[in-house]
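Novice: Before anything else, here's the structure in question.
None of the figures in this text is laboratory data; all of them are computed from the coordinates on show. In this text the structure is predicted, and so the values were computed from the model without any measurement. A quick note on method: Cβ atoms are made from the backbone with ideal geometry, for glycine too, and the neighbour counts reach across all protein chains shown.
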Amino acid sequence: MSCILLTGASGFVGRHLLRSLAQAGYAVRAATRQSSQIPSTDGIEVVHVPNFEHGVDWAQALAGVTAVVHLAALAHTPMGVTDQHYDLINRAATEALARAAAKAGVAHFVFVSSIRAQCGPSADHVVDETDDPCPVDAYGRSKLAAEAAVVAAGIPCTIFRPVLIYGPQVGGNMEKLMALAASRLPLPFGGLENRRSLLAVDNLNAAIRFTLGRPPAAQDIYVVADPEPLSIADILTALRAATGRRPGLLALPAPLVLGLCRLAGTGLWERLGASLVVDPGKLIGAGWRPVTDARTALAAMLQAYTKKPPPDAAVRRAR
């Protein structure tokens, strides 16, 4: 049985991928600082690792491992993180793991990078792998540098550049958007015609399982997204339809919506209001098939969100 070392196993994507790999029959060694977040399930072994800032001796965790899936990273945030910190966690720690994996004889290193390694938060054309990478911030630069470090380690590797990932238990701006959709308020996004590529977490899991199930190339790089891009109006319509509600969208001018988003300080415009269409044709041509469509996945995400207990309910249960 193949043994996979999965980093970032306690994060949003990691928790979903952990279940997906275990259900597919892989033995998974889950590397995490938060072992309490990892389910006790057959086929899953938990390995505690320290904060990447302090360095990690990967030798024991890599013993007997056939493939590594590296998710752990310092996520993109609009403020409060220095360029040096991004570089330390996203580039240097990835380089150390890739070199250790190569030394241990690991056959395949799968690195989940980011579309921000290739472009900014929006683009005036359809983005694919033929575009020269041009990150616009420290996060994107650290991810691109991490990709180069993986390649330089000399280990057979697959690098994914996913767009914004969503699914049950997601946080960040997508959670904010769900809160808006779950409200009874009319929303001012009906007139927006931008289109945005998103990625269902189940589709990312399918892409990772697909690449693990075939002989690794020396180096493969793929952008990855759901095949159908959506506008923010499409997303909200799908979310509200999941609970049997009408869209309730007002068609306000885009500049006014931009001003309202910035006034509210939500960051929604920068992440969802501008256009970013990504073409996953290379990955589809290689044989990957999405397992869900965007509207179905958005509906499942909102249904999970609306069933989530309010914060005070968890406090009451703990007393």
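Novice: Taking the highest mean first, how do the peptides 27-33, 100-106 order by number of other beta carbon atoms within 10 angstrom per residue?
Specialist: For the peptides 27-33, 100-106, the packing ranking is 27-33, 100-106.
Novice: Moving on. Kindly express, to the nearest 10 degrees and within the range 0 to 90, the angle between helix 138-152's C-alpha long axis and the longest C-alpha principal axis of the chain.
Specialist: The answer is roughly 30 degrees.
Novice: Of the listed peptides 221-231, 51-61, 132-142, what is their order by residue-averaged count of other C-beta atoms within 10 Å, with the highest listed first?
Specialist: Output ranking for 221-231, 51-61, 132-142: 221-231, 132-142, 51-61.
Novice: Oh, and also: Starting from the exponent 0.38 and prefactor 2.2 Å, build the expected Rg for the stretch 60-184 from its residue count and divide its actual Cα Rg by it.
Specialist: 1.18
Novice: Which order do peptides 89-95, 67-73, 164-170 fall in by mean Cβ count within 10 Å, highest first?
Specialist: 67-73, 89-95, 164-170
Novice: What FRET efficiency comes out for ARG214 versus ARG19 if R0 is 22 angstrom and r is the Cβ-Cβ distance? Round to the nearest 0.05.
Specialist: Between ARG214 and ARG19 the formula returns 0.50.
Novice: Based only on Cα atoms, what Rg/Rh ratio does the stretch 124-272 have, Rh being taken as Kirkwood's radius?
Specialist: We get a ratio of 1.03 for the stretch 124-272.
Novice: How big is the gap, in Å, between the Cα center of the stretch 198-222 and the Cα center of the stretch 136-197?
Specialist: That distance is 17 Å.
Novice: Average the reciprocal distances over every distinct pair of alpha-carbons in the chain, invert the result, and give the Kirkwood radius in Å.
Specialist: Kirkwood hydrodynamic radius for the chain: 20.5 Å.
Novice: Using amide H atoms built in the peptide plane, which far-off residues or other-chain residues are under 5 Å from GLU129 H to H?
Specialist: Amide H to amide H, under 5 Å and 5 or more residues apart or across chains, GLU129 pairs with VAL223.
Novice: Tell me, what HN-Hα J-couplings in whole Hz come from the Karplus equation 6.51 cos²θ - 1.76 cosθ + 1.60 at θ = phi - 60° for each residue of the stretch 96-105, using x for Gly and Pro?
Specialist: Result, rounded to whole Hz: 4, 5, 5, 5, 5, 5, 4, 5, 7, x.
Novice: With label points built 7 Å along Cα→Cβ from the Cα atoms of THR66 and LYS307, find their separation and express it in nm.
Specialist: 3.4 nm
Novice: Next up: Based solely on its DSSP helices, what 222 nm [θ] is calculated for the chain when runs of n ≥ 4 H residues each add -39,500 (n - 2.57) and the sum is averaged over all residues, nearest 500 deg cm²/dmol?
Specialist: Result for the chain, helices only: -10500 deg cm²/dmol.
Novice: How large is ³J(HN,Hα), in whole Hz, for each residue of the stretch 242-252 in order, when computed from phi with the Karplus curve 6.51 cos²θ - 1.76 cosθ + 1.60 and θ = phi - 60°, using x for Gly and Pro?
Specialist: Ordered by residue, 3J(HN,Hα) equals 5, 10, x, 10, 6, x, x, 10, 9, 8, 8 Hz.
Novice: Restricting to lysines 8 or more places apart or on different chains, can you count the pairs in the chain with Cα atoms under 27 Å from each other?
Specialist: 5
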